[in-house]
Amino acid sequence: MNTAAWSRIARRHPSAFLLAVQLLSLMVYPLFDGLPGGRLVFGAFGATALVLAVWVVNRSPAVNWVAWSLAIPALLCAVSAAVFRNQALLVTASLLEALLYFYAAGALILYMMNDNRVTADELFAAGATFTLLAWGFAYLFVVCQVWYPGSFSGAVEPERARTWLELLFLSFTNLAAVGLGDVLPLRSEARVLVMLEQFAGVGYVAVVVSRLIGLTILRQGRDS
């Protein structure tokens, strides 16, 4: 495909690009996990996701400058934390990224709820919103683990701090309510975050996803 074709797809389906980057980072991360430059590679995917998160906010009724005011310092802190391995910068970056991902998720929900017509981009937005929520809570888990040591335990080396991928795995399984996982919240602060994510996951499926499915079925009934 030429550049013009990719540009048209990007304008019509920005949510698809955000979803693709999020899922691609999941597949790439195990290849670099444990390597010296692994954090920088994953940080590059994170930076791309931050920019795309702002991009999809621009397509929604949300205010764009709020997203940029979160994305720019989050990006700077994330890069600095990866380069200098600074714990304080890591916490700051995680907080800002969590806020940005939640804001972008809210913006996409407004975008999907704004009318009664379901487009292809809105279906991609449904998937992207799920990943944004999962990433946002995973970053909150990172902050919780730093502020309250011993917040999480696991089946493997239960006394050590959980890795980023373990916390992201916990976030995905918790948000999807699949009941899987070898990472457990132990402290009350961690358990409150987990319960909030469970509530968000159930609410998202009950309100947003079910609405998109219902509107799609109604449209197919009219067209038939």
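Computed from the coordinates by the stated procedures, all read-outs in this text should not be read as laboratory data. From a predicted model like this one, the values you see are computed outputs, not experimental measurements. So basically every Cβ, Gly included, is an ideal-geometry build from the backbone, and we count neighbours across all protein chains shown.
What does the charge dipole of the stretch 3-223 about its Cα centre add up to, to the nearest 20 debye, if the Cβ of each Lys and Arg holds +1 and the Cβ of each Asp and Glu holds -1?
520 debye
Whole-Hz Karplus ³J(HN,Hα) for the stretch 131-143, in order, using 6.51 cos²θ - 1.76 cosθ + 1.60 and θ = phi - 60°, x for Gly and Pro?
With the stated coefficients, the stretch 131-143 comes to 5, 4, 5, 4, 5, x, 5, 4, 5, 5, 5, 4, 5 Hz.
L212 to R85: FRET efficiency via 1/(1 + (r/R0)^6), r the Cβ-Cβ distance, R0 25 Å, to the nearest 0.05?
0.05
Taking the Cα-to-Cβ direction at R117 and at N64 and moving 7 Å from each Cα, how far apart do the two end points lie in nm?
It is 2.2 nm.
Of the options V56, P158, L184, report the single residue whose Cα projects farthest towards the positive end of the charge dipole of the stretch 3-223 (beta-carbon charges: Lys, Arg +1; Asp, Glu -1).
Of the options given, the answer is V56.
To two decimal places, what compactness ratio does the stretch 81-163 give when its Cα radius of gyration is scaled by 2.2 N^0.38 Å?
1.40
Just want the answer: with Cβ charges of +1 for Lys and Arg and -1 for Asp and Glu, which residue in F172, Y29, L110 is farthest toward the dipole's positive end in the stretch 3-223?
Working it through, the farthest residue towards the positive pole turns out to be L110.
Near the amide H of L184, under 5 Å away, which other amide H atoms are found, from residues 5 or more places off or on another chain, if H is placed in the peptide plane?
So L184 has HN proximity to S153, G154.
Rank-order 26-32, 185-191, 66-72 by packing density, defined as the average count of other C-beta atoms within 10 Å over each peptide's residues, highest first.
66-72, 185-191, 26-32
Between D182 and F32, what is 0.36 nm times their sequence separation minus the Cα-Cα distance? Round to one decimal in nm.
Extending this stretch completely gives an extra 51.8 nm.
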